[in-house]
Structures are given as C-alpha cells and as structure tokens.
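> Can you read through this structure? Questions will come right after.
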Amino acid sequence: MSSALLPGIERILFTEEEIEARIRAVAREISTAYEGRTLKLVGVLKGSIFFLTALARHIEVPVKIDFLGISSFSNKSGAPGLVRIAKDLDESIEGEDVLLVEDIVDTGFTLRYLLQTLAGRAPNSLAVCTFLDRNSRRIVQVPVDYCCFEIPDRFVVGFGLDYNQLYRNLGYVAVMKPEKMI
Amino acid sequence: MALIAVSGHPGCRFEEVARVTAQRLGFELLTQPRVQSLAGEEFGAETHIPDKAWPSLVTSILARLATEHHIVYCAAGGELQSRHFPGMLRVHIVAPENVRIGNLMLDWRLERSAARQKLFEIEAADRSARKAKFGKTRPTAEMFDLVLNAETLTSEQMTDLIEKTIETTGMKERGFLSSAAEAQLQFQMRLRLARYGIVPPDKITIRKKIFANQSEEMFANLLDFYRIPWEYEPRSFPVQYDRDGNPVESFTPDFYLPEFDLYVELTTMKQSLVTRKNRKVRLLRELYPHINIQIFYQKDFENLIFKYGLAERPVHT
C-alpha cells in the first residue's frame, strides 16, 4: 500500500516503520514473559487481524491462533439488543495461556465483556495485548498488559482499524479528517 | 441456552411442530396464551398489556424461564424476540395456500369456501397483530435460520430437522441463561414495561427516564448493549453554599454506573456551557474527592458514535 495520503486522511500518526519497530519490541516482551510456554493468541475480529499477524511473526515462543467476533451495537433493526459472541473460538482455551489481542481499547466496554466471557472458560492465564490504547476515553477499568501505542483522542484508521469498513488495509495509522466522518 | 422460536404462515400447523419439538427435546413450550397467563401471575390478572409493551413483556418472561429451561417459543414475532438471547434458532414454517386451506378444513370442519374465508381472516388478524406489536406486517426469509415447507414435510420430519440443527449447533450444551444476563435483561425490560405502567403489584413504580437529549439516550443504549447497569441522574451534589451553609448550586451527573462506582457526565453542548460544566466538575472533585467522575466531551461521544456505527450524529444543543 502506498504511503501517499488517501482522501479523508488528515495526517499519519504512526508510520509503517514505527509500527514494525514497536511490534517487534512488544513481541520481545511477550516472548520473555511466556518463555517455556505455548501461547494462544485470540484475535478479536475484524480489527485485530493485521496486528495479530504482525505480532505473531515476531513472537519467539510456540503460538496458537484463534479468533472470535462479537455482535455489533449498530444494526439496521433499531434496538441494539445485547452484546453476544457472534463468532466463537474454534477450540477450547481450558488450561491455555491466552493473550487476547485487540486493535484498540478505548471505553473498555468490549474488552470487559470479552475478558468476562473468556475467564469463565478456565484458561491457565489470560492477558491483554492491544495495538492502540486510547486511555483518555476509558470508562471501564480493564487490565491492558501489553500496548504498542497510546493515542490521543482522535478517530484513527489503518492497520486494521476502519471507518465504515474502509481503510483497514493501510500499512500506517492515520487520523481521519473530522469533516469526512459525517 | 437454547431458544427455538417457531412461527409460520397461518394454517400451516406450526403450533404442532413447536409442541412436538418441545416434547421431543424436553424443552419448555411457551405459547401466547401461556405468556398471558404468566404475565397475569407476575403483574396481576387485570393488568392491560398494550401491544407496544408486548415484546418487552415476552422478553422478560423468556429471560426468567431461560435461567432454568431451554425453550420453544411459539408465537408470531418470535424471531424478533429471540435476538436478545445468545443461543437462538429461528424457525419459520410455510405452505402453499391450498395446503393451508386444506388444514383449516380438517381442523375446523369447514367447507373449502368457508376455510378459505377463515384463512383470509386469520392472515389479516396476524398482519394486524404483528404491525401493532412489532411494527412489521410480515416476516421475510432472512429473519430465520430455518424455513421449512409443510407442503412436502410432515410435522415429524420438520421436528427431525430442527432437532438435528440443535444437535449440530451444540446449542443445548451451552447451559442456561446466566443469572447475571437475566438480571441485565430484566432491568431493561422492566424499565420499558414500567413506562406502560406495567409493574409487579408489590414493587414501586420505576420513574420514567426522560433523557435530556438524544446523546444520553444513545449512551444508555450502549450501556444496555454491554450489559452494564446504570442509573440516570440518581444524585445531586451541592457544589456552592451561601454564608449560612445552604446549598445554592448543585451538580447532577448524567449517569451512575454502580458496578464501577463511577459517575459519567456527557457534555454535548457549546463551548461556553462546557466551560461552566467543567467548573462544576472541578468543584465536585474538590468537595467530593472520593467520587469518581468521568466527563465525556462532545468529540469523545461523536467518536464513540462513529466507532459503533450509528448513522446519525447526536443532537447538538
């Protein structure tokens, strides 16, 4: 993907090189923490797939991968219903060392729900790794064990993060122009 | 938990499929008359249930039963009710008009012309009831997981297919609805029912929540979605006193989240008002340092709205 700015993008927040370097550093931390163990990375669809793939490549302990997805708050039928697992894990996590991989943590709502759900499935350990942390918007306090970047309170896209399902495939993280988000 | 919602075209005997399925799987059968009976037990036999309150009433009853049973729910609109629950199978049974007229002839001992007239009447009543309760006159195929044609399949064969689907999806193995999930659902449903004056006879009527603006309502919806209990403007904090120690100015945060002991204030107003509100929050923090409060500014909230994909911007005041 070209690094030329696309329409709707205000500025690049993290370049491909910065992302690569930071992911390598976080992967090293994780490799040290889980030395001698097998790690199960659980990615939250869809935003985390780019980050999870890049992270997994640099982790030096044996890694298993699984994904889950949760229902969206937004739907066409009006009332949003309740959050639920829309795509469950393919395999059990009982007894596994699980690292939940998120693209971004902001309010903490989603992460809280996921941690509650996964904790009930008897993993050996459960930790959280997020690509981006927008701590300024946190409402629910949730544990974040590994974080690549803390970001300001702006709407960002790229490297898995979307706006209306677009921009996920950008190699960098960029700030959206506010006027484009109407 | 497993919730099988069975509905169908009038005259195609979907009630029979629901009954046989419930018997064979050992599930609890919930029909429209049973809902009315349970509602009478809960809220008093004389309580009038307006059409618009029906979905919330059924969800409340389903949630209560779902903590101890897997359920077959057989009534129009079941496919819309079941979306609140984690393990659902929405079954719709259809049949050509001739088959349905034939069924009515047998079931009601009618001549063909009378059965045809009966079918039209039932269909009209069904459309009218759906419109009143759910705002839709008829369901469409994409609302269902299984659509079965009773022209060629018997009730037994349709039950076989439903049973096989339940087995394949592992819905029965998931266990019943957790009491925490039930509590969340009941909280929402009881709140909605209270707006229609439907409350258990021994309970205090819940105050109608009138949100100051659309953003607050959206935020409440978001909290509901994530099953996070909330209270709307539950407490006012005096932040200025006169010389005699009487409060002259108070601050009432918009939401309180008891699970996190956190107050949330949404500020979706123009800058001068934001400044005034910031001052109140600062005073609150000084006077009540043990109180946790989080402010959500307009741009925070808009980003949240964008993130969760809501089409409309919140109201600007």
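The values are calculated or read from the model by the stated rules, or taken from the named source; none is laboratory data. Keep in mind that this is a model prediction, so the values were computed, not measured. Note that each Cβ is placed from the backbone with ideal geometry, even for glycine, and that neighbours are counted across all protein chains shown.
> Can you say whether B:Val17 is in contact with a helix residue (DSSP H, G or I) (Cβ under 9 Å, 6 or more places away or on another chain), assigned to a helix (DSSP H, G or I) and closer than 19 Å to B:Met143 by Cβ, as far as the supplied structure shows? Before you say what the answer is, go through the steps one by one.
Numbers: in contact with a helix residue (DSSP H, G or I) (Cβ under 9 Å, 6 or more places away or on another chain): yes; assigned to a helix (DSSP H, G or I): yes; closer than 19 Å to B:Met143 by Cβ: yes.
Yes; evaluated as a whole, the condition is true for this residue.
> A:Ser136 is checked against (1) crowded, with 16+ Cβ neighbours inside 10 Å; (2) assigned to a helix (DSSP H, G or I) and fails just one. What number does that condition carry?
(1)
> Related question: A:Val175: more than 12 Å from every other protein chain (Cβ to nearest Cβ), of a type in the set (Val, Ile, Thr) and not in a loop (DSSP other than H, G, I, E, B), yes or no?
Spelling it out, it is not the case that A:Val175 is more than 12 Å from every other protein chain (Cβ to nearest Cβ), of a type in the set (Val, Ile, Thr) and not in a loop (DSSP other than H, G, I, E, B).
> From the residues in region B:67-121 that are among the hydroxyl-bearing types (Ser, Thr, Tyr) and touching a strand residue (DSSP E or B) at 6+ places or on another chain (Cβ under 6 Å), which one is surrounded by the fewest Cβ atoms within 10 Å (Cβ to Cβ)? Reasoning before the result, please.
Kept after step one, since they are among the hydroxyl-bearing types (Ser, Thr, Tyr), are these residues of region B:67-121: B:67, B:73, B:82, B:113.
Narrowing further to those that are touching a strand residue (DSSP E or B) at 6+ places or on another chain (Cβ under 6 Å): B:73, B:82.
Details: B:Tyr73: 32, B:Ser82: 24.
By that ranking, first place goes to B:Ser82.
> Is it the case that region B:36-59 has a residue that's under 19 Å from B:Glu182 (Cβ atoms) and part of a loop (DSSP other than H, G, I, E, B)?
No, region B:36-59 has no match at all.
> With the structure loaded, tell me whether B:Glu151 is surrounded by fewer than 20 Cβ atoms within 10 Å (Cβ to Cβ), within 14 Å of another protein chain (Cβ to nearest Cβ) and either at pLDDT 80 or above or more than 22 Å from A:Ile85 (Cα to Cα) (or both) or whether it fails that test.
Details: surrounded by fewer than 20 Cβ atoms within 10 Å (Cβ to Cβ): yes; within 14 Å of another protein chain (Cβ to nearest Cβ): no; either at pLDDT 80 or above or more than 22 Å from A:Ile85 (Cα to Cα) (or both): yes.
Answer is no for this residue.
> Can you name every residue in region A:122-167 that is over 26 Å from A:Ser92 (Cα atoms) and away from chain B (no Cβ under 14 Å)?
Within region A:122-167, A:Asp133, A:Cys148, A:Phe149, A:Glu150, A:Gly158, A:Phe159 meet the criteria.
Table: residues versus (1) more than 14 Å from chain A (Cβ to nearest Cβ); (2) more than 28 Å from B:Val199 (Cα to Cα).
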{"site": "B:Thr59", "(1), (2)": "no, no"}
{"site": "B:Leu65", "(1), (2)": "yes, no"}
{"site": "B:Glu97", "(1), (2)": "yes, yes"}
{"site": "B:Leu146", "(1), (2)": "yes, yes"}
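> Could you check region A:94-122 and list, in sequence order, the residues that are surrounded by fewer than 20 Cβ atoms within 10 Å (Cβ to Cβ) and over 22 Å from B:Ile228 (Cα atoms)?
Those that are surrounded by fewer than 20 Cβ atoms within 10 Å (Cβ to Cβ) and over 22 Å from B:Ile228 (Cα atoms): A:Glu94, A:Gly95, A:Asp97, A:Ala122.
> Continuing with this model, one more query. Being among the aliphatic types (A, V, I, L, M) and modelled with pLDDT under 90 is the filter; apply it to region A:44-101 and report the residue that is farthest from A:Ala122 (Cα to Cα). Quick ask: steps written out before the conclusion?
The initial filter retains those residues of region A:44-101 that are among the aliphatic types (A, V, I, L, M), namely A:44-45, A:49, A:52, A:54-56, A:59, A:61, A:63, A:65, A:68, A:70, A:79, A:82-83, A:85-86, A:89, A:93, A:98-101.
Restricting the remaining residues to those that are modelled with pLDDT under 90 gives A:70, A:79, A:82-83, A:85-86.
On the way: A:Ile70: 20, A:Ala79: 33, A:Leu82: 24, A:Val83: 21, A:Ile85: 17, A:Ala86: 20 Å.
The qualifying residue farthest from A:Ala122 (Cα to Cα) is A:Ala79.
> Turning to a different aspect of this structure: Return yes when A:Thr107 is within 11 Å of another protein chain (Cβ to nearest Cβ), in a helix (DSSP H, G or I) and either among the hydroxyl-bearing types (Ser, Thr, Tyr) or over 12 Å from the mean Cα position of the chain (by Cα) (or both) and no when it is not.
Working: within 11 Å of another protein chain (Cβ to nearest Cβ): yes; in a helix (DSSP H, G or I): no; either among the hydroxyl-bearing types (Ser, Thr, Tyr) or over 12 Å from the mean Cα position of the chain (by Cα) (or both): yes.
Considered against the rule, which asks whether it is within 11 Å of another protein chain (Cβ to nearest Cβ), in a helix (DSSP H, G or I) and either among the hydroxyl-bearing types (Ser, Thr, Tyr) or over 12 Å from the mean Cα position of the chain (by Cα) (or both), A:Thr107 comes out as no.
> Also: As an exercise: evaluate B:Leu191 against (1) within 15 Å of the chain's Cα centre (by Cα); (2) at pLDDT 80 or above and give the number of the one condition it does not meet.
Just one mismatch for B:Leu191, condition (2).
> Further question on the same structure: Would you be able to tell me the number of residues in region B:262-317 that are surrounded by 18 or more Cβ atoms within 10 Å (Cβ to Cβ), modelled with pLDDT of 80 or more and of a type in the set (Asp, Glu)?
1
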